[in-house]
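Everything below concerns the one structure shown next.
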Amino acid sequence: MSVQEYLDKHTLSRKLEDAVNAAVRAKTTDPVLFISNHMKKGVQSVITKVKARQILDSRGIPTVEVDLYTNKAMFRSSVPSGNSTGMYEAVELRDGDKGVYLGNGVAKAVKNINDKISEALIGMDPTLQSQIDHAMIDLDKTEKKGELGANAILAVSIAACKAGAAEKEVPLYKHIADLSGKANPMLPVPAFTVISGGRHAGNNLAIEEIMILPIGASRFEEALRMGSETYHHLKAVITEKFGPHNCNVGEDGGFAPNVSSFREALDLVKEAIGRAGYDEKIKIALDVAATNFCIGKRYDLDFQSPQKSGQDFKSAEDMMELYRQLCVEYPIVSIEDPFDKEDWEHFKDISSLAICQVVGDDLLMSNAKRIERAITESACNTLLLKVNQVGTVTEVIEVVKQAKEAHWGVVTSHRSGETVDSFIADLSVGLAAGQIKAGAPCRGERLEKYNQLLRIEEELGDQAVYAGEDWRQ
C-alpha cells in the first residue's frame, strides 16, 4: 500500500487538516503539541492492558496496586484494607502462606488481575463503568467476589473510573457524579480522628476512635484548619497532663494517651476544642466498635487491660444509659457501632431516642441486604461506606443510593490500612455523601484525602458547596 493509499484509507488528510484549522483558530504557541492532542481526542479510548503488583499499605501489610492502560494513557489505583473483616462483606483474597508476609501476601489477587481480568477487559470503553464492573463480577461468579478477590476487582474498578474521567475530560468527582446521577457535588464535613483506642492503639481505651467534626466551618479549607489547630492543641493538653510519651499515635493518626474511661478521653478533646476557640463550631463523634469488646451479651470496658479485663462489664442497658449521659455532657452528634453487630434490638432502641446520628459499620458492612434490613427495622440512620467491603464502583454507587433514598446520612470511610490513593475524596464529593472519615490531620496516607478535597474546592471556586450544617443531608 502506498502512502497516499494509506492516507486515503484512514482519512488522515482530512483529520490532519481539521487539526491544523483548529490550531490556527486557537492561535496556539505550540502547534505541533496542539495538533497531536487534537488528533488524539478524535480516537476513542479503549483499555489495552491491566498490570497489577503487590505493594505495602500504611501498616506495612501487602495490598494491590493496578496500572490500567488505555491507548492514550495509564491510570493507577491501590486499595485499602481493614483490621477486621466480616462474613457479609466482599472477600479480600490473601495468599495464606505464613512464611511470606505472615500469610498476608496478595500474589493470588495480583495474578488474577494479570492473567484473567486484564484479558477480559481489553478493548472495553473506560467510560462504561457499569459494563466493566459487571464483566468482572461475571468473571468471578461468586456472591462475595471470593474467586478473583474483591481487592483485585476493586483496584481495577477504581483505575477504570479514573480512565473514564480522563476520557470525558472532566474531574474524577464530576465523572462519579455523572455515573450516580448527582447534579450537585458537595464537599463533605471531615470527621478527624483525634484520639485512638481499641484495636487501633495500644492504650487502655475500649472505644476505637474519638473524632471531631467542624460543622460550623463555612468552607472545607476552614474545616481542615480548624481540625489541624484542634489536633495540635490536643497534643499540648495531653503533654501537660501525661507527658510527651503519651502523644504516640494510633494506626490512623489519632493520639493514644493512656486513658481508660470514655469521659477521661472526652475531657481531653473538649479542652482542646476550647483552647482552639471552636466550642460553637466543632462537634464530637464516637466510633465505639462495640463488637470488639462484646462478650456474650455484656461489654468489657477493660478488654484493653489484661490485668483488669472482666472487672468492668456493662450490660447493653448500661451502655445505653452511658450514651445518653455522654450526649448530654459533651457535644456528641454521632455514635458509630454503639452495640454488637448482631444486637439489632439495642441499635433500634438507641436510634429511636434520636439523641444523635447512629452509624452502622460492623452492623451493615456496606452490604445491601444488611442495609435493607436496617432501613426496614429503623436500626440506624447512617451508612459507613467502605468501598473495599463492596468491591466495585458501580455497587458502591448503588448502596449509597439505597441509603440516601431512606434519608440516611452517608460517611465515606478510609480503612486502617491505607494507601496514598485519594479516590475516596473524589467519591465523597461526587456522591454528595456529606461526611468523610479519613483519619487524623496527620500521616501522609490520611492527608492525601484531605488535601485532595482542598484541591477540589479550589477547582470548583464559587461553585464549591461545603456540607457544614447540612452534613446529614
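The values are calculated or read from the model by the stated rules, or taken from the named source; none is laboratory data. Everything numeric in this text was worked out from a predicted model, so none of it was measured. Backbone-built Cβ (ideal geometry, glycine too); neighbour counts: all protein chains shown. The accessibility values were calculated without ligands, DNA or RNA, using every heavy atom of the protein model including side chains. Shrake-Rupley method; radii C 1.70, N 1.55, O 1.52, S 1.80 Å.
Take the Cα pairs of the range 227-320, get the Kirkwood Rh, then feed it into Stokes-Einstein at 20 °C and 1.002 mPa s and tell me D in µm²/s.
145 µm²/s
Using only alpha carbons, build the gyration tensor for the range 168-284 and give me the equivalent ellipsoid semi-axes, biggest first, whole Å.
Output for the range 168-284: semi-axes of 32, 17, 11 Å.
Mind checking which aspartates and glutamates have their Cα closer than 14 Å to the Cα of Lys141? Skip sequence neighbours fewer than 8 apart in that chain.
Cα-Cα hits under 14 Å: Asp133.
Students often check this: by mean Cβ neighbours within 10 Å, which of 188-197, 283-292, 129-138, 337-346 ranks highest, and how do the rest follow?
So the order, starting with the most tightly packed, is 188-197, 283-292, 337-346, 129-138.
With the Cα gyration tensor of the range 290-363 in hand, convert its eigenvalues to equivalent ellipsoid semi-axes via √(5λ) and list them largest first in whole Å.
Each semi-axis is the square root of five times an eigenvalue, giving 21, 14, 10 Å.
Go through 92-105, 252-265 and give me the packing order, highest mean Cβ count within 10 Å leading.
Descending mean neighbour count gives 252-265, 92-105.
Starting from the exponent 0.38 and prefactor 2.2 Å, build the expected Rg for the range 138-191 from its residue count and divide its actual Cα Rg by it.
1.43
Rounded to the nearest whole Å³, what is the per residue volume of the convex hull around the Cα atoms of the range 391-473?
Spread over its residues, the Cα hull of the range 391-473 gives 106 Å³ apiece.
How large is the Kirkwood hydrodynamic radius of the range 316-473, in angstrom, based on all distinct alpha carbon pairs?
16.4 Å
Given Lys270/Lys348; Lys144/Lys386; Lys386/Lys449; Lys182/Lys348; Lys111/Lys145, which pairs have Cα atoms separated by over 19 Å?
Lys270/Lys348; Lys182/Lys348
Please state the charge dipole magnitude for the chain, taken about the Cα centre, from unit charges on C-beta atoms (+1 on K and R, -1 on D and E), reported in debye and rounded to the nearest 20.
1100 debye
Quote the Stokes-Einstein diffusion coefficient, in whole µm² s⁻¹, for the chain, based on the Kirkwood radius over alpha carbon pairs, a temperature of 20 °C and a viscosity of 1.002 mPa s.
In µm²/s, the coefficient rounds to 91.
Using the Kirkwood formula over every pair of different C-alpha atoms, what hydrodynamic radius in Å results for the range 323-387?
Here the Kirkwood hydrodynamic radius works out to 11.8 Å.
Mind listing the Cα extents of the range 245-394 along all three principal axes, in Å, largest one first?
44, 37, 31
Would you please put 218-228, 433-443 in order of how densely packed they are, using the mean number of other Cβ atoms within 10 angstrom per residue and starting with the highest?
433-443, 218-228
Rolling a 1.4 angstrom probe over the protein heavy atoms, how many square angstrom per residue are accessible across the range 187-250?
Value for the range 187-250: 33 Å² per residue.
Which one, Leu33, Ser58, Gly82, projects farthest toward the positive side of the charge dipole computed for the range 1-159 from Cβ point charges (K/R +1, D/E -1)?
About the Cα centre, the residue reaching furthest to the positive side is Leu33.
Given bins 5 angstrom wide, list per bin the percent of all Cα-Cα distances in the range 113-210, short to long.
Spelled out per bin, shortest first, that is 2, 11, 16, 14, 11, 12, 13, 11, 7, 2, 0.
Any idea what Rg and Dmax come out to for the range 125-164 if you just take the C-alpha atoms, in Å?
In Å, with Rg to one decimal and Dmax whole: 9.8, 27.
Indicate the gyration tensor shape class of the range 93-155 (rounded, prolate or oblate), computed on the Cα atoms with a ≥ b ≥ c the square roots of the eigenvalues: a/c under 1.5 is rounded; otherwise a/b larger than b/c is prolate and the rest oblate.
Note, shape of the range 93-155 comes out prolate.
In 10 Å bins starting at 0, how do the alpha-carbon pair distances of the range 19-124 split up by percent?
Pairs per bin, as whole percents: 13, 30, 23, 16, 12, 6, 1.
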